[in-house]
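Okay, so here's the structure we're looking at.
The values are calculated or read from the model by the stated rules, or taken from the named source; none is laboratory data. Being a predicted model, the structure only gives us computed values, none of them experimental. As a convention, Cβ positions derive from the backbone with ideal geometry for all residues, glycine included, and neighbour counts pool all protein chains shown. All accessible areas refer to the heavy atoms of the entire protein, side chains included, with ligands and DNA or RNA removed. Shrake-Rupley method; radii C 1.70, N 1.55, O 1.52, S 1.80 Å.
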Amino acid sequence: MIEYFSPGTTVFKGGTLLSKAFDAKITHERNGKFDLEFKYPLVDDKYKDFKKSTIFYADVPYMKKQAFYLSKIKKMKGYVEVYAKHIFFLLDKNITKDIKSSNVIGSTILERFNNSLQIPHNYTFSSNITESHMFNAPGYQNAMSVLAEGKHSILGQWGGVLVMDNFDIKLQKRFGRDTEFLVAKRKNINDLEIDEDSEDVVTRLFLTRELEDDEGNNGVITAIVDSPLIDEYSGIYGDAREVQDEKVTNKEELIKYGEDIFRLQRIDLPDESFSIDVTDDVKEYEFTIDDTALIYYEDYDIYKRVMVTSYTYDPIANKYLKVNFGDKPRTMLQATSEKVSDSIEKDIKPSFDYINSMIKDITEQIKDPDGGVIITKKDNLGRPMELLITDNLDLEKAKNIWRWNINGLGHSSNGINGDFNIGITQDGHIVGDFITTGVLNAGLIKAGVFQSLDGTVYFDMEKGTVRVGGESGAIILTNDFIKAMHKDNSYSKFSYDGFERYDAGTKHSYHYMTKIIKFSAGADGQAPTNKWISLGPEFNNKNWSVALSISDSMQASSNEATIHRIVLTQGHDSNNRPVQPRFRNGEWEYPVMGYKTNYNCKNNSRRYGPVAGIMIVTA
């Protein structure tokens, strides 16, 4: 659905619906364009309202509705073609002035960018990137260039993903989600196009870092850092970079900085992209920029986790037209894995060895049958109605028998009338004691137990229990808790009661809970009594303990008196025995006895007084 508003609109409510729009598509690229295109017939006069910067409001997957401004319109025979850009790109008409920052995080640089803008606007800017960098944009400069264009822009320096949500602009370390969506041939791919781009490969870094000491003297350190993969290429591909990270203060740190670039950014591998024409299965899934999915394409031996780099979406039909994924190629990474740091995430390809062994076993059984006869059963008119494959011509004596008729296909090892423990029926039911498959695509799976071939992962669907590490379980997940077992039979457990750590050695449980309760006990001239202090319902059903501390002795009873004794302890009865905690009004209460004695040396008298204390409750 597409609506439109007059130019300058900032609150998008009550727009005019463009019900006759057709051939609409939104193109969204990671840190790139975010455009809307559609056609509108001339028979509807609404097209006459399409002026410069008219606002169009359209559905976008995952982000809901977004605003686009009219950038270009072209009249064709019978319709107009509309091209609009996301409202973020109006920032291209703004100007910054004198931005200079040293060693600041993402939120700080965006705040300074916002304050430097010379033309009033409606944007808000934020960031969750905590890495620090230097930045300098002197004089008047184009705001879009400063923010997002080139490696010296804010986006180029701090990295991350530029998220455009109408007027709310975020620079985030990560925007998307790691999904378990499997993109696979014959499952949800109509066509796959693979591109490998080696243009930006770098195998040798020439690094420079300018330093300034406390007296203002300038110095320069340099370093040359080679990629672990440099010998895999026929030539050396160099790149010179100026390092502005203030944490780099010597040559060793500069070399480590370069090594981290190869390790984390993988600039020594060519970029690989996958352009996919998708089926309705993908069209119903809300992919967005920066999401990841698993791609499996058997023809090219591709199985890896890849990131959504762009998509094309129809906001009228609410479906994807194309999704583009990108990553570094896996083949060279595998060939040189010993040279690459273990921090690079390894893709895990499913093993089909068991499936292949089953296929070979079945093939040997079927291609060399040992006996058996085929019998065709006929109806009263002599027409074939059923095919039987059996171990005996005499059906009364047959034991192993296959029956195939209009109702289905079944096998019995108990004669012609069953029971049939293997079967496929015409209404879609399949029955078998042992079913082996490679990739199973299903809308709903109903089962008692799921178990991995080696037994290390165990799903009990009836009891609602998941165990990882075998049926005994190293990690256990139920409807009530998640428990991680340790080698000494200790465990860590998370449930509705909070986090619990059980130590098998001491046989004691800990909840990592601490509460500070301030209180006063005793009164001026009052004999010591017990004071009951409520711990709070959060300590119900917990193995808690209490510690007491004096926080203030408070004033003496008079100017002529001095504090003689201060007492703060667990409450006692008349026989000086400790009083135990009690459960009252839905929570635990702890007895405290606190007082001080004031001694008046002038008249040789003593008087009780109050004290202030702190109760520390842990569980």
(message) Looking at (1) open to solvent by 60 Å² or more (accessible area, probe 1.4 Å); (2) out of contact with any Gly (no Cβ under 6 Å at 6 or more places or on another chain), which one does residue 420 not meet, given that it meets all the others?
(response) (2)
(request) Would you mind listing the strands (runs of 3 or more DSSP E) fully within the range 112-186 where at least 2 residues are open to solvent by 30 Å² or more (accessible area, probe 1.4 Å)? (result) 124-127, 133-142, 168-172, 178-184
(message) For residue 78, only one of the following conditions fails: (1) open to solvent by 70 Å² or more (accessible area, probe 1.4 Å); (2) modelled with pLDDT under 95. What is its number?
(response) (1)
(request) Can you give me the ranges of the strands (runs of 3 or more DSSP E) entirely in the range 1-105 with at least 1 residues that are of a type in the set (A, V, I, L, M) and over 25 Å from residue 171 (Cα atoms)? (result) 2-5, 22-29, 64-75, 79-86
(request) Among the residues of the range 592-619, write down those that are open to solvent by less than 40 Å² (accessible area, probe 1.4 Å) and more than 30 Å from residue 501 (Cα to Cα). (result) 593, 594, 595, 596, 597, 598, 600, 609, 610, 611, 612
(request) Could you check how many residues of the range 571-591 are open to solvent by 50 Å² or more (accessible area, probe 1.4 Å) and of a type outside the set (Ser, Thr, Tyr)? (result) 11
(request) Hey, could you check the range 61-74 for residues that are of a type outside the set (S, T, N, Q) and touching a Leu at 6+ places or on another chain (Cβ under 9 Å) and say which is surrounded by the fewest Cβ atoms within 10 Å (Cβ to Cβ)? (result) 69
(request) For the range 552-565, name all the residues that are surrounded by 15 or more Cβ atoms within 10 Å (Cβ to Cβ) and either within 60 Å of the chain's Cα centre (by Cα) or at pLDDT 80 or above (or both). (result) 554, 563
(request) Pull up the range 6-45, narrow it to residues that are exposed (fewer than 12 other Cβ atoms within 10 Å of the Cβ) and of a type in the set (A, V, I, L, M), then point me to the one that is nearest to residue 308 (Cα to Cα). (result) 11
